[in-house]
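Below: one structure, written as structure tokens.
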Amino acid sequence: MSPARPAARLWFDAALPFAEYRCAGDGGAAYLPHTHPTLSIGAVDGGGSVFRWTGGVEHLAPGTVVVVPAERVHACNPLPDGRWSYQMLHLEPCWVRGVLAEIAAHGGAIDALDEVDVRREAASYRALRTLGGILFSPADAETKEAALVGVVGDLLAGRGALTRQPAPTAPMLPAARLAHLKALLQARHAERLPLAELAREAGMSRYHLIRAFRAGTGLTPHAYQLDQRINQARRLLRAGGVLADVALQLGFADQSHFQRAFKQRVAMTPLAYQRGGRGAAADAAPAAPAAREMRP
């Protein structure tokens, strides 16, 4: 009996209904010519494959990225008797157009996105792989939305920062506007602040805001807001706050979300922190057996 083929992994999220991501393992599945209602960006991870569409045929090696417009007939299949693995991002065209329109309104060039584009730049492949890692991770929806906006800007805006032409120029955030955004995120750290709302406050596109805010602070806006939540959590825990209440008060979806975000930034669980670090070792490893009393 031949071993079972690895199942494909699929990601989607009701909070981000415009995106879907698929990872297919080492398989030999073949596809008839077909279309998608979405803009599709695929990457070959392993094995050789042949990509056919109405405009021609391309042989794809591992590391190749293909951008396929919505409704374009195509088929991508492994070489005869071969196996392959790939990743595929599907994006609703109206959402993509919205992101690109924001970029264009602030001085960026955008592509028509009506032609198949085969890319062999290593940076494009790394960008898509990195996105997949974020989408399949336990990260929250805001972090995943920022990653999706970033990939659209990097790969599709004027050929993007990672492809053949210069990246769209990101406006710098004036010091006063950056200070305003930081103060807003500090004051409303427990609220859900959509990226689009922050972009309006900044007077720039979501894509440009992510890049400009990171240039000014080292963090994306949402990561900065999470940092403020964790700083406040430390104060509340030192004051004896109940973990479940602290998580709820600071806007975390649940205690596991709170614990994960806290440990990523403090290197111990909230409970270990509240105990003054005494429980940190116990969180990391099982307790050693008690030593036996020595008797003469």
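The values are calculated or read from the model by the stated rules, or taken from the named source; none is laboratory data. Please read these numbers as outputs of a predicted model, since none were measured by experiment. All Cβ positions, even for glycine, are placed from backbone atoms using ideal geometry, and neighbour counts span all protein chains on display.
What about residue 10, is it assigned to a strand (DSSP E or B) and modelled with pLDDT under 95? For residue 10, the condition - assigned to a strand (DSSP E or B) and modelled with pLDDT under 95 - is met. Quick check on residue 62: is it at pLDDT 90 or above and in contact with a Gly (Cβ under 7 Å, 6 or more places away or on another chain)? Here the answer is yes, as residue 62 does meet what is asked. Among the residues of the range 195-224, count how many are without any contact (Cβ under 8 Å) to a residue 12 or more places away in the chain and touching a helix residue (DSSP H, G or I) at 6+ places or on another chain (Cβ under 8 Å). Within the range 195-224, residues that are without any contact (Cβ under 8 Å) to a residue 12 or more places away in the chain and touching a helix residue (DSSP H, G or I) at 6+ places or on another chain (Cβ under 8 Å) number 2.
Conditions tested, residue by residue: (1) closer than 23 Å to residue 9 by Cβ; (2) at pLDDT 95 or above.
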{"residue": "47", "(1), (2)": "yes, no"}
{"residue": "68", "(1), (2)": "yes, no"}
{"residue": "91", "(1), (2)": "yes, yes"}
{"residue": "110", "(1), (2)": "no, no"}
{"residue": "117", "(1), (2)": "no, no"}
{"residue": "121", "(1), (2)": "no, no"}
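Go through the range 185-208 and give me each residue that's hydrophobic (A, V, I, L, M, F, W, C), buried (at least 17 other Cβ atoms within 10 Å of the Cβ) and part of a helix (DSSP H, G or I). Scanning the range 185-208 gives 185, 195, 198, 199, 202.
The lone criterion from (1) part of a loop (DSSP other than H, G, I, E, B); (2) within 30 Å of residue 189 (Cβ to Cβ); (3) in contact with a helix residue (DSSP H, G or I) (Cβ under 6 Å, 6 or more places away or on another chain) left unmet by residue 139 is number (3). Does the range 62-76 include one or more residues that are farther than 29 Å from residue 138 by Cβ, among the charged types (D, E, K, R) and surrounded by 13 or more Cβ atoms within 10 Å (Cβ to Cβ)? So far as the range 62-76 goes, yes, one or more of its residues are farther than 29 Å from residue 138 by Cβ, among the charged types (D, E, K, R) and surrounded by 13 or more Cβ atoms within 10 Å (Cβ to Cβ). Quick one: would you say residue 265 is assigned to a helix (DSSP H, G or I) and more than 19 Å from the chain's Cα centre (by Cα)? No: the conditions fail for residue 265. Meeting the requirement of 3 or more residues that are closer than 29 Å to residue 147 by Cβ, the strands (runs of 3 or more DSSP E) wholly within the range 44-92 are 49-53, 65-68, 74-78, 84-91.
Residues in the range 212-224 that are surrounded by fewer than 24 Cβ atoms within 10 Å (Cβ to Cβ) and assigned to a helix (DSSP H, G or I): 212, 214, 215, 216, 217, 223, 224. Examine the range 149-161 for a residue that is outside any helix (DSSP H, G or I), at pLDDT below 90 and touching an Asp or Glu at 6+ places or on another chain (Cβ under 6 Å), and state whether such a residue exists. The answer is yes; a qualifying residue exists.
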